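The values are calculated or read from the model by the stated rules, or taken from the named source; none is laboratory data. The structure presented is a predicted model; accordingly, all values stated were derived computationally and were not measured. Heads up, the Cβs are rebuilt from the backbone with ideal geometry, glycines too, and the neighbour counts pull from every protein chain shown.
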Amino acid sequence: MDREQLRQIGDELKERARPAANRVIRNLPGRRVRWGSLRRTTPFSDCYGWDRGLPIDRYYIEGWLERQAWTIHGDVLEVRSADYALRYGGDRVTKAHVVDIDATNVEATVIADLTEEGSLPDEAYHTIIMTQTLHVTTDDEAGLRTLWRALRPGGTILFSGPCVGRIDHELAEYDSWRYTPNGLRRKLVRLLPDAQVAVEGFGNVLAGAAYLFGIAVQELTPGELDVRDPGFPVVVCAKIDKPAA
């Protein structure tokens, strides 16, 4: 019996076995997934769900910032706009500063590349809000050191970064980093040994899948979003405190 005949026999055996295997799968409760409209290889939204509502990661970031609002005061630095500083800091904010690398940003009060250490003034800010930014830089560690130097003694950095997420098509050249809670905690302890660090992960498998598909917050329920599964964080947030002088 030559090789071709053996191959044909093998193919025939596979075809005979397939119906039986399919019957076994159908009879196992919970094993057969009904994909519906999720059976697709492209997301519903190409901009994280902004065109459908609020992106999933922002639900967790904004909820966390609301719980940390008491730390936002005095001179506050935020990236690209002062939205979160003013929303959560309110009257506690003496002055809102906006940093951006893009000189065309009319809201920017500071033009700086955070990966260039010393690009921000030393000990200038009581609070720094840095959400979903350093992962799209060439050197996130240099960025963290820059922020630390710019923070006043007794001040706080409120940082967030993605654990899962698409490559940003607008910044694909710079989209470089993702963070697990353990990885971010170890990085911060190594880079900023004097810091007091509290790291939290938020999300679950449903929220993670929805985020990747570009499904918005409004398309899930609070009960679905609020489940925290440490095995499936979508976003990681860190409160980084600088000791008082």
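Annotations
- Of all residues in the stretch 144-163 being in a strand (DSSP E or B) and among the aliphatic types (A, V, I, L, M), the one that is farthest from residue 240 (Cα to Cα): 151
- One residue stands out in the stretch 78-100 among those that are assigned to a helix (DSSP H, G or I) and in contact (Cβ under 8 Å) with a residue 24 or more places away in the chain: the one that is surrounded by the most Cβ atoms within 10 Å (Cβ to Cβ), namely 85.
- Residues in the stretch 33-63 that are more than 12 Å from residue 210 (Cα to Cα) and in contact with a Phe, Trp or Tyr (Cβ under 6 Å, 6 or more places away or on another chain): 60 alone.
Yes/no per residue for (1) touching a residue at least 24 places away in the same chain (Cβ under 8 Å); (2) in a helix (DSSP H, G or I); (3) of a type in the set (A, V, I, L, M):
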{"residue": "142", "(1), (2), (3)": "yes, yes, yes"}
{"residue": "165", "(1), (2), (3)": "yes, no, no"}
{"residue": "169", "(1), (2), (3)": "yes, no, no"}
{"residue": "172", "(1), (2), (3)": "no, no, yes"}
{"residue": "178", "(1), (2), (3)": "yes, no, no"}
{"residue": "182", "(1), (2), (3)": "no, yes, no"}
{"residue": "186", "(1), (2), (3)": "no, yes, no"}
{"residue": "193", "(1), (2), (3)": "no, no, no"}
{"residue": "198", "(1), (2), (3)": "yes, no, yes"}
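- Lone qualifier among 51, 75 - being among the acidic types (Asp, Glu), part of a loop (DSSP other than H, G, I, E, B) and assigned by TED's automatic domain parsing to the domain that holds residue 161: 51
- Residues (farther than 21 Å from residue 185 by Cβ and either among the small types (Gly, Ala, Ser) or surrounded by 20 or more Cβ atoms within 10 Å (Cβ to Cβ) (or both)) located in the stretch 101-147: 103, 108, 112, 118, 119, 120, 124, 125, 126
- Residues of the stretch 138-169 that turn out to be touching a Leu at 6+ places or on another chain (Cβ under 8 Å), of a type outside the set (Lys, Arg) and over 16 Å from residue 77 (Cβ atoms), as a count: 6
- Test for residue 210: is it assigned by TED's automatic domain parsing to the domain that holds residue 126 and either assigned to a loop (DSSP other than H, G, I, E, B) or in contact (Cβ under 8 Å) with a residue 60 or more places away in the chain (or both): yes
- Residue 205 of a type in the set (Val, Ile, Thr) and closer than 30 Å to residue 40 by Cβ: yes
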